[in-house]
Each structure stands twice: as structure tokens, then as C-alpha cells.
Amino acid sequence: MTVADPQERPFPPGEYPIIVVGSGPGALQTSYFLSRLGIEHALLSADPGAGGMFRRWPFFQRLLSWTKPYAPAERSSRAFERWDWNSLLALEPELRGIAAEFMDGTSDFPSRPEMEENLVAFAERAGVRARYGCRWQSTRREETADGDRFILTTTDGEYRCRFAIFAVGVAEPYSPSTPGIELAVHYADTRDAETYAGKRLFIIGKQNSGFELASGLLQWASRISLSSPSPAKTSIETHSLVGVRARYVQPFEDSALGGGVDILSASIKGISRAPSGALMVALERSDNAMPMSVEADEVIAATGFTCPLVDLPALGVATFGQSKLPAQTEFWESATVPGIFFAGTITQGSAGLKKHGIPPNSGALHGYRYNARVLVREIGRRHFGIVPERPALDARDVRDHLLSEATLAPELWHQKAFLASVVSFDTDDGVRDEGIVPLTSFLDGGGPDAVAMTIEADGTNIYPVVYVRHGGRQEEHALDADPLHDYQSLAYRRALGTILERLTAGASAA
Amino acid sequence: MATRDEIADAIAGMTLFADLARPQLLGVASRFEEAFFPKDARVLRQDLTGSGFYVILDGEADVIADGMKRATLARGDFFGEVSVLLGEPPIADVVATRPLRCIVLGGPAVEGFLVDHPRVMYRMLQAQARRLRGANQRFAAE
């Protein structure tokens, strides 16, 4: 794998308008868009090269996110992004959809090395430069006559900036404080699969990482038990990325058929070592609070990861949840420390409306790559005086424009009920394509009459939803689901035309 | 606030979960998700579909219907259940007046949760009965 030339170390310590920390896909994407907007910044990373978590994980070396090389859209087109969850976004056609280039054709899920190659290639081709081997160690804030500055202390010295964007992943292993947890190893320290041959394995946790291990070790372990207090669901049941992905359903079948896998709903009371040397996992069943125990040779804690936020909480950055995600605004700024922003998988801390309990896909590349573009556009607008493009639209074209967005826009499909395609109707400014906007920003931000189109899911169906802001009031109109997800037929044109009538009539009159 | 243990500790003293033993509290903590809302954030939105059921861990929020403040909610209070149970959009906004930490259950998961936890359902029914009685008394006084 390519490692950055140690001689080439850009961004020496000093003052920059923005510091971006990280070199995973979230940091690369953010740096790329900052550069394209002409916003000076430094990109710092503790790693020796680009790739972030994909330099090491997933453990079994195959991703959960697909790229379909023969999708029904040109690889360099925006529409292709709906079928390609692994490429970073680019303005230049030759930099788009490059993940497929590195896949060997054996699966639509890239292997870990293929993904790493894809990210390294993007950084090289797009000219995203980072100061590698530079570890962020601490943060403080200083008041100056010219406004506050953040000072980031690193292994290479001090960096000063007006704004800091942290894209450091959710990658610090977390284990609960269960008695005897020291007898377990974390997912991050799982050994090579063959070393589990013939072992009785107990996995704490029933999320994707637990089922990834269970799937990969099915042929090696003599018995596998997985446990967490609540029942496991699959993504097929939830119609979303909430739940265990279909890639890992084999343990469910083994469990259902009594084939040596136990999927338990119980809380772990403790782990101890028996005189025989075996590990005893004491459990309390969730359904009847009765005790039970499972004997195992190995216990693995697939209990997730937390954000490596270093000393940001001491600076006032509020966090929440087991992953200690920073609380964020709709534009991924710390909800408690203005000037600190987040990018990459951490942006899942801004969950939007979470309609029907379904979060956006901000934890995954195919979600947060769009967040990065929206974030940079907002930072540019708010702090660097960069006026975003807002192309004029003919009022007569708005209906078809929005239905095309609903059918094809990858932002709407990957960030359901979270990112919206917005058109405004201003009496002075005319009809404008406002582009992709966080839905909560549209709903809470006020402004002229406007319409926002989203794609949403309710656990059963996927369907477009139209939000109308007219005369200061808001309305929500769900359109019918379509089994082929094509919303450009006459029926949809009629339905949306009726909804838009008042807005477009006003625009025509203006 | 963060871990399941900490959330289980936080909800153990709440009336809604008063009848649950420790493993069931941990089950609740793993089924709900924690959420944080800064001051002035809208948590529940009037007339918007797809909301969830919220229990306040810390902070304060106002219930605002058609621009009028109707109630103030604090630790241990819950909201959103009426909308979920009826399958209709909320008839009021809930707006954080201080930083607000909640645990949240998405609408589609609420029925299964209540059926699995009849003692929570009973406590919720009691709270609804109290609200109904209060509304009746106010109506009678007008």
C-alpha cells in the first residue's frame, strides 16, 4: 500500500483559517471540497497514509457497502452515486465513481484493501494533501482582538485556527464495565480466524460487528453464543441500515435450525473463570429475569466504539450516547462550542428528524460524503463570504425538476428524511434551485415560500415527501410509494402539480 | 450520560419505569437511544408525521400548540406517545428551553415495547388518566 512520502510534509505548525483533523474518507472529502471552494486549510493526521479505519477494518476484510459497476447510470454521473456507496464525490468527472476501478469482480462489496486503494487513489488524483504522522494531542481556546482561536497541540507543534473540523471517526474500542470484562477481548483485538478452531465462543453484542464475527467464525468455532439485552433485528425487517445487515444473516439461520449458534436476549451479569479454566458468563434473561450461564473458551466484546475526542469534552463539547458522539447542530457544528465542526462518521450525531425511528446514513461513507459537501458550502457562505450558486428555474419546470430529484438524486436516496432538494419562490429573487439542504434547516430556518423534496421510509415503504412553506406556514405531503421507485409518471406530475399550484401561480404572477 | 448502565441508573427512579427490575431496565436502555437537543431545538414538530416516544433524562422543554405555551416538561416526563398510539401527527411542538437529554424510541417500535412491558404500559395509562382528569377539571371550571 502506498504510504505518504515522509519527506513531503505540508502544513507546518502555524495559523490556518481551518484545521481538519483526520485522513479517513470524511476528512478527505471535507478537505477536497474546501480546496475546491478555495478555502485555505491544513489537513493533519496521526496515520501514515490516507484511508482511516479502512486501513485496518472490517476484521474479515470485506465491506458492508456496495458498489455496482454495471448500474443503470454512467460512472461519472451524479445518478451513479446511488449505486456506488464507496466513492468520494468530486466535481471533475474523471474523479467520480472510482471505487469500481479497484474491485476484482468477485463481489459488489469491495474488499478492505480495494477500499483502501480507492481512497488513496482519490487523495492522490484529487491532490488532497495531508500532514501525516502528526497526532492531535490537546485543544484550547484563546480570545484575541480578532475573535476566538482554537489552538491544537500536536506531536509536530501548535496549530491555530478560527474553525476546527474533526473527522476522527468512531474508532476507540468501548467495553462495558461488566464484572470480569477483563477476561474478554474487544472486537478490535480479535485474532486470526483459525485460532478459534474448536473453541466455544461467546460474543457480547448483537450488532453488525458481533454478527460479522459470528459469520466469519462459523466454520471455526465449535459453538457460538451471542447476547445483548434486546432482540436483534435485520436490515431487511427494518427496511433501513438499522439492524444486522443481510451479509451476516447466516448465524440467524443456524440459530433457527439449532445448528450451534445461540442468539440470546439477556444482560451480562459478569464473567468469571471456572476451576476447569473455562470462562463462565453469567446472564439474566430479558424476558423473565431468570439467571442462566454459558460456558465458553473465549469471550469477545463486540460492544462498539466511541469517538476519540481527546479533550474536546473538557472544552465544553457535549456528547451523548454510548458512542460518546458530540451533540451537533443541523450543520454539524458542536451544539455547545461554536466554531468546532465535525465530518465523517461522527456526523451521525446530528440525526435530523429520525422519522419513523429511522436515522440517516451519516455513519457510512455514502451518507457523510454529502454532509461534507453541505458543511463546506455552509462554512463558506457563513464565514468566508462565498455565495453559493442558486441557479434560476422557470416556474413551469419546478414540478418535473423535483420529481427528477426524487427519482434520481443520490443525496435524497442515501440520506432519507434528512437531506432535501429545495426550490425557493421569492417575489424579488424569482424561482431558485437552492440545492441540497438539511431538512431540519429548511423546516426551522424560515425564509421565502419554498418547497423541499425528500425520499423517506417508514419501515414498510419508500416514498417521496413534499414539504411546502407558504405564507409562513408549513405543510407535509407524502406521495404514494411506487414499486419501481420511479416518480416521473403522469400520476406523480398531477399530484405534485396540485401541491405546487399556489407557489407556482405566485411566481408566475411575480 | 452514555452507557446502558448509566441510562438504566437514570431511569430507575422514574415513575414510568418504577416496576422494572435491573435486567429489564438494561433492556429498556438498550432498546431506546439517547438523544441531545440544544436550547431552542424543536424536538417534536406539530403536524409532522413519523415522530417517536421521548422520555426526558435531563433538561426542560415547553409544549407549544399553535404558538401558545401549554405545559413545561422536565426530568421523568414523557411525550410523543399520543401521536404514536393514534398514528397521527403531534398536535403541538415540544421545544427545548434548556439543553435536553432524552431517551427515544422510534414510533414503529413503541407498540412492541409496550406489549413486552405491560407494567410500563400501566404506568403510562395512569399518567394519561391523570392528564385526562386534569383536562376535565379545567373544562368543568370554564
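Taken about its Cα centre, the range A:256-316 carries a charge dipole of roughly 120 debye when the Cβ of each Lys and Arg holds +1 and the Cβ of each Asp and Glu holds -1. Each residue of the range A:244-256 is assigned a 3J(HN,Hα), and the resulting list reads 6, 6, 4, 3, 10, 7, 4, x, 4, 5, 4, 5, 4 Hz, derived from the Karplus form 6.51 cos²θ - 1.76 cosθ + 1.60 (θ = phi - 60°), x at Gly and Pro.
Relative contact order for the range A:395-509 using alpha-carbon pairs under 8 Å, separation at least 6, rounded to a whole percent? Relative contact order of the range A:395-509: 26 percent. Mind pulling the angle between the C-alpha long axis of helix A:208-217 and the longest principal axis of chain A? Nearest 10 degrees, somewhere in 0 to 90. For helix A:208-217, the angle is close to 50 degrees. Using 0.36 nm per residue and subtracting the Cα-Cα separation, the extra length available between A:D444 and A:R141 on full extension is 106.1 nm. Taking 0.36 nm per residue of separation and subtracting the current Cα-Cα distance, fully stretching the chain between A:E15 and A:R493 would add 166.8 nm. For the residues of B:21-32, the average number of beta carbons from a partner chain within 10 Å of their own beta carbon is 6.
Viscosity 1.002 mPa s, temperature 20 °C: what is the translational diffusion coefficient of the protein assembly as shown from Stokes-Einstein with a Kirkwood Rh over Cα pairs, rounded to a whole number of µm²/s? So the translational diffusion coefficient is about 81 µm²/s.
Using the alpha-carbon atoms, what tilt in degrees (0 to 90, nearest 10) does helix A:25-36 show relative to the longest principal axis of chain A? The two axes meet at around 20 degrees. Basic side chains Lys and Arg get +1 at the Cβ, acidic Asp and Glu get -1 at the Cβ, and with that the dipole of the range B:4-141 about its Cα centre reaches some 440 debye. Taking all Cα-Cα distances within the range B:4-141, those exceeding 25 Å account for 24%. Anisotropy class assigned to the range A:297-338 is prolate, per the alpha carbon gyration tensor with a/c at or over the 1.5 cut-off and a/b larger than b/c.
A DSSP coil position with no more than 16 other Cβ atoms inside 10 Å describes the following GluC sites (Glu not before Pro) in the range A:1-81: A:E8, A:E40, A:E74. Computed from backbone phi with θ = phi - 60° and the Karplus coefficients 6.51, -1.76 and 1.60, the 3J(HN,Hα) list for the range A:467-481 is 10, 10, 10, 9, x, x, 9, 10, 9, 10, 10, 7, 8, 5, 6 Hz; x is used for glycine and proline. When the charge dipole of chain A is built from unit charges on Cβ atoms (+1 for Lys and Arg, -1 for Asp and Glu) and taken about the Cα centre, the candidate among A:V451, A:I224, A:L63 whose Cα reaches farthest toward its positive end is A:I224. Expressed as a whole number of Å, what is the distance separating the alpha-carbon centroids of the range A:91-131 and the range A:267-303? With the range A:267-303 and the range A:91-131 each reduced to a Cα centre, they are spaced 43 Å.
Per residue, the average separation of C-alpha pairs within less than 8 Å and at least 6 apart gives chain A a relative contact order of 13 percent. Magnitude of the charge dipole for the protein assembly as shown, about its Cα centre and with charges confined to Cβ atoms of Lys, Arg (+1) and Asp, Glu (-1), is about 980 debye. Seen from B:M68, the other residues with C-beta closer than 12 Å to its C-beta sum to a net charge of -1, counting Lys and Arg as +1 and Asp and Glu as -1. Over the range A:395-509, the fraction of Cα-Cα pairs per 5 Å bin, rounded to whole percents and listed from the shortest bin up, is 2, 12, 26, 26, 20, 10, 3, 1, 0. For the range A:175-303, the ratio of Cα radius of gyration to the globular rule of thumb 2.2 N^0.38 Å stands at 0.99.
Nearest 500 deg cm²/dmol is fine: what mean residue ellipticity at 222 nm does chain A get from its DSSP H runs of n ≥ 4 alone, each adding -39,500 (n - 2.57), divided by its residue count?
-6500 deg cm²/dmol
Amide hydrogen proximity for A:S225: with H placed 1.01 Å from N in the peptide plane, the residues at 5 or more positions away or on another chain lying under 5 Å are A:L201, A:F202, A:I203, A:D262.
A dipole drawn for chain A from +1 and -1 charges on Cβ atoms has a positive end, and of A:C134, A:G205, A:G22 the residue lying farthest that way is A:G205. P(r) tail, the range A:68-109: Cα-Cα pairs separated by more than 15 Å, 30% of all pairs. For the range A:175-303, the relative contact order is 33 percent, taking Cα pairs closer than 8 Å that sit 6 or more residues apart in sequence and dividing their mean separation by the residue count. Taking springs between alpha-carbon atoms closer than 10 angstrom, which of B:R131, B:R70, B:R119 fluctuates most in the Gaussian network model of chain B? So, out of B:R131, B:R70, B:R119, the one fluctuating most is B:R131. Since only A:G260, A:A79, A:Y248 are under comparison, the one whose Cα sits farthest along the positive direction of the charge dipole of the protein assembly as shown, derived from C-beta charges on Lys, Arg, Asp and Glu, is A:G260. For B:V43, the residues whose amide H sits under 5 Å from its own are B:V94, B:V95, B:A96, ignoring neighbours fewer than 5 places away on the same chain, with H placed 1.01 Å from N.
Translational diffusion coefficient of the range A:269-322 (Stokes-Einstein, Kirkwood radius from Cα pairs, 20 °C, 1.002 mPa s): 148 µm²/s. Helix A:365-383 and the longest principal axis of the C-alpha atoms of chain A enclose an angle of approximately 50°. Kindly state, to the nearest 0.05, the FRET efficiency for A:S222 paired with A:E172, given R0 = 22 Å and r defined as their beta-carbon distance. Given R0 = 22 Å and the Cβ-Cβ separation, E is 0.10. Straight-line reach from A:K324: taking Cα to Cα under 27 Å and skipping same-chain neighbours fewer than 8 places apart, the lysines in range are A:K206, A:K233, A:K269, A:K354, A:K355, A:K416, B:K39.
Read-outs throughout are calculated quantities, based only on the coordinates presented, and are distinct from any laboratory measurement. It should be emphasised that the depicted structure is a prediction, and the values quoted were computed from it without experimental measurement. Positions of Cβ are generated from backbone atoms using ideal geometry, with glycine treated the same way; all protein chains shown enter the neighbour counts.
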